[in-house]
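Note sheet for the following structure.
The values are calculated or read from the model by the stated rules, or taken from the named source; none is laboratory data. Computed from a predicted model, the values in this text were never measured in an experiment. In this analysis, Cβ positions are derived from the backbone assuming ideal geometry, glycine residues included, and neighbour counts consider all displayed protein chains.
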Amino acid sequence: MPNLLEIHNLSVEYKTRLGIARAVDNVSITLDENKTLGLAGESGCGKSTLGRAIIRLVPYPGRILEGEILLNLDEDVPYENGVVEKGQINLLQLDDDQMRALRGKKLAYIFQDPMTSLNPMERIGKHFVEIIKAHEPDTPKEDAQVRTKDLLEALDILPERVLDYPHQFSGGMRQRVMIGLGLTLTPQLLIADEPTTSLDVIVEAQILNLISDLKDKFNLTMMLITHNLGVLAETADSIAIMYTGRIMEIAPTEALFESPQHPYTQALLQSVPDVRKPDRKLSWIPGSPPSLTEPIPGCMFRPRCPHAMEICEMEPPPLIKSASGGIVACYLYEGS
Amino acid sequence: MPLIEVKNVMKHFPVQKGFLDTLFTRQKEFVKAVDGISFEIEEGEVFGLAGESGSGKTTMGRLIVRLIDPTAGQILFAGQDIAKIRGKQLRLLKRRLQFTFQDPYSSLNPRLTIGNAIADALRLQGIGNKSEQKQRTKKILERVGLSPASSFYDRLPHQLSGGQRQRVVFGRAIILEPEFVVTDEPVAMVDVSVRAQILELMKDLQDEYSLTYLFISHDLATARHICDRIGIMYLGKIVEIADKDQIYTDSLHPYTVSLMAAIPVPDPKAKKGEKLPKGEIPSPINPPSGCNFHPRCPKTFERCAEEEPALREVKKEHWVACHLYD
């Protein structure tokens, strides 16, 4: 059986005043069913753009250049003028109507900021009813309301609160609502973009617990985008590290933390403070990432890399099998 | 004698209400952002204030450097009560107390070159003439790692990275050679790969200028790396103060325990045992009776709802406000 989601050679560009910035550069990733893939990297590395490209909502002036995003659809999805047939489909070849039918229904996206992604003029309940009616127009309103209340209960929110407005909810509860909205139609794939970044540690831990409970309950496949490696250590099955729009390394979570292969991954892990190890000296990566509008040939991490060699200046290193059971894009491991 | 002594300080902000509400309700409401806090900071130490957003840690920091005026209480700086001084005295005091803001993207004027942004502090305090100010600013730029200074002096903030901006912010704080610096979440907005660099800079500046820091952070992992002692705040009060290691290995207050358990650890094998408290931090307008934390506390008992626990020293140098340890 094909994988739930396969991305092949995806590239996304932003046309800016300063030139063309390639935010996602020839990325290939595979997502297994019922697993969580963590997508990590520093700000500006293209992780959010990659997430947005999957639902084909790259913000203006971004443009998907090339590639394939193959989704293995588990049932026929009707839309205005027909049906998107089940089986493996290339999302980049669907038209806007077909894509709209899949978003929310099969692909859900949780945006970063729960404070601004709910409509302040609408009651919480209406948000849910709207999603259900948009995709299943024959559902009676009462049924939709019952489903909403059940969902809220699963999220630890009192069902009476469907009548409240977003401003009456705290940050953590709004994020629960966002997760609930994502899960309303039991999608196959949930993409969560920094779902806990604006929350406090205790609320963050609550939300992460909730997400992992729901993952089992709804048989979810997830892509979790975050810069916080501590969060991924607790939730992800495998982790992809991105840098300047490219995948540097993908490995199972434990292997990635135990024996990071790519010099960037190694440096990144050494800069994360661990509260249990106060004596460990923190280090940092000298310099800053090269500008995406003026890409350098070869490996983009080269100027900051302690192991840089001559070959690194020639061509970007291809992803090869790594010793930790994943893949890595680094010439250090070429031929080993 | 401690450098800073905070004695029972309060800051209550009046709540803005609509016209009709003020017409029909007589009672004024207040946000009790800081509600009776006392602690001391020794000379040369890094004291951390940690807690969730809304716990009042930033307000406390602003009070100490007198960016805002306290509602009640005393703030002693080197033995002198600075809670009520104003005018010229206050301006002179501000040479000795500095504050760095959390967000280096919005705390630098986008139309002011960074050289001018730093030199402004000297200009406002009337120190030196123009060329002296420029000289000193360049020295500071080099000192915070923005070298060569002449190439950075005329740059605008948008030409710098987040880490570089945070260096400018520190440069502006130390140019007056203060004794005490409050730094509000200095690494929260900086990418993780350069965080350690900023912390290192803080340490270096501390050695060179014999600084004392108040380090405000919600990130306990970072706080443990840089602080000597840490105070945990909850809803406008301090619930526990201890040595940075003790507060983690030997947390006493139930809130501290759950806070520590919630910290994400970069290790997939770490086990999570502690239960998280339900719900979120309540509104500081009408805080719960007795102990603020009792509605969420897993170990609450009768007395907690009735009586407010005082901050007491239960072990050596380890203070906690909880009835469990009476």
message = Is it the case, given these coordinates, that residue A:16 is of a type in the set (Ser, Thr, Tyr) and surrounded by 17 or more Cβ atoms within 10 Å (Cβ to Cβ)?
response = no
message = Any residue that is in a helix (DSSP H, G or I), within 13 Å of another protein chain (Cβ to nearest Cβ) and touching a residue at least 40 places away in the same chain (Cβ under 8 Å) - is there at least one of those in region A:215-229?
response = yes
note = So the helices (runs of 4 or more DSSP H) completely within region B:2-110 holding 2 or more residues that are in contact (Cβ under 8 Å) with a residue 12 or more places away in the chain are B:57-64, B:87-93
ask   = Only one of (1) away from chain B (no Cβ under 14 Å); (2) within 25 Å of residue B:221 (Cβ to Cβ); (3) part of a helix (DSSP H, G or I) fails for residue A:192. Which number is that?
value = (3)
message = From the list A:180, A:172, A:125, exactly one residue is within 14 Å of chain B (Cβ to nearest Cβ) and either assigned to a helix (DSSP H, G or I) or more than 25 Å from the chain's Cα centre (by Cα) (or both). Which is it?
response = A:172
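Here is a yes/no grid of residues against (1) assigned by TED's automatic domain parsing to the domain that holds residue A:28; (2) in contact with a Lys or Arg (Cβ under 7 Å, 6 or more places away or on another chain); (3) farther than 19 Å from residue A:25 by Cβ:
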| position | (1), (2), (3) |
| --- | --- |
| A:294 | no, no, no |
| A:299 | no, no, no |
| A:306 | no, no, yes |
| A:313 | no, yes, no |
| A:327 | no, yes, no |
task = Taking residue B:143 as the residue in question, decide whether it is out of contact with any Lys or Arg (no Cβ under 9 Å at 6 or more places or on another chain), closer than 30 Å to residue B:33 by Cα and not small (Gly, Ala, Ser).
result = no
inquiry  = Condition first: in a helix (DSSP H, G or I) and within 14 Å of chain A (Cβ to nearest Cβ). Now tell me which residues in region B:160-176 satisfy that.
reply    = B:162, B:163, B:164, B:165, B:166, B:167
query = Residues of region A:243-262 being closer than 13 Å to residue A:322 by Cα, assigned to a strand (DSSP E or B) and out of contact with any His (no Cβ under 8 Å at 6 or more places or on another chain), which ones?
reply = A:250, A:251, A:252
inquiry  = Quick check on region B:210-219. Is at least one of its residues facing another protein chain (nearest Cβ under 7 Å), surrounded by 23 or more Cβ atoms within 10 Å (Cβ to Cβ) and either over 30 Å from residue A:169 (Cα atoms) or in contact with a Leu (Cβ under 9 Å, 6 or more places away or on another chain) (or both)?
reply    = no
message = Quick check on region B:271-280. Is at least one of its residues in contact with an Asp or Glu (Cβ under 7 Å, 6 or more places away or on another chain), under 25 Å from residue A:157 (Cβ atoms) and small (Gly, Ala, Ser)?
response = no
remark   = Of those in region A:180-203 that are out of contact with any helix residue (DSSP H, G or I) (no Cβ under 7 Å at 6 or more places or on another chain) and under 24 Å from residue B:283 (Cβ atoms), the residue surrounded by the most Cβ atoms within 10 Å (Cβ to Cβ) is A:200
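State whether the residues of region B:12-24 include one that is within 21 Å of residue B:180 (Cα to Cα) and either at pLDDT 95 or above or in contact with a helix residue (DSSP H, G or I) (Cβ under 9 Å, 6 or more places away or on another chain) (or both).
Here is the first cut: in region B:12-24, the residues within 21 Å of residue B:180 (Cα to Cα) are none.
So far as region B:12-24 goes, no, none of its residues is within 21 Å of residue B:180 (Cα to Cα) and either at pLDDT 95 or above or in contact with a helix residue (DSSP H, G or I) (Cβ under 9 Å, 6 or more places away or on another chain) (or both).
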Subset of region B:241-276 that is assigned to a loop (DSSP other than H, G, I, E, B) and under 14 Å from residue B:322 (Cβ atoms) - its residue that is farthest from the other protein chains (Cβ to nearest Cβ) = B:252
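Mind checking whether some residue in region A:52-68 is within 14 Å of chain B (Cβ to nearest Cβ) and closer than 26 Å to residue A:297 by Cα?
Filtering region A:52-68 down to residues within 14 Å of chain B (Cβ to nearest Cβ) leaves none.
No, that holds for no residue.
Conditions (1) assigned to a loop (DSSP other than H, G, I, E, B); (2) assigned by TED's automatic domain parsing to the domain that holds residue A:304; (3) within 17 Å of the chain's Cα centre (by Cα), marked per residue:
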| position | (1), (2), (3) |
| --- | --- |
| A:151 | no, no, no |
| A:157 | yes, no, no |
| A:185 | yes, no, no |
| A:196 | yes, no, yes |
| A:206 | no, no, no |
| A:212 | no, no, yes |
| A:232 | no, no, yes |
| A:241 | no, no, yes |
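Does residue B:299 count as loosely packed, with under 15 Cβ neighbours inside 10 Å, of a type in the set (Lys, Arg) and farther than 26 Å from residue A:274 by Cα?
Values: loosely packed, with under 15 Cβ neighbours inside 10 Å: yes; of a type in the set (Lys, Arg): yes; farther than 26 Å from residue A:274 by Cα: yes.
Answer is yes for this residue.
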ask   = Taking residue B:31 and the conditions (1) aliphatic (A, V, I, L, M); (2) more than 17 Å from the chain's Cα centre (by Cα); (3) more than 26 Å from residue B:255 (Cα to Cα), which numbered condition does it fall short on, given that it satisfies the others?
value = (3)
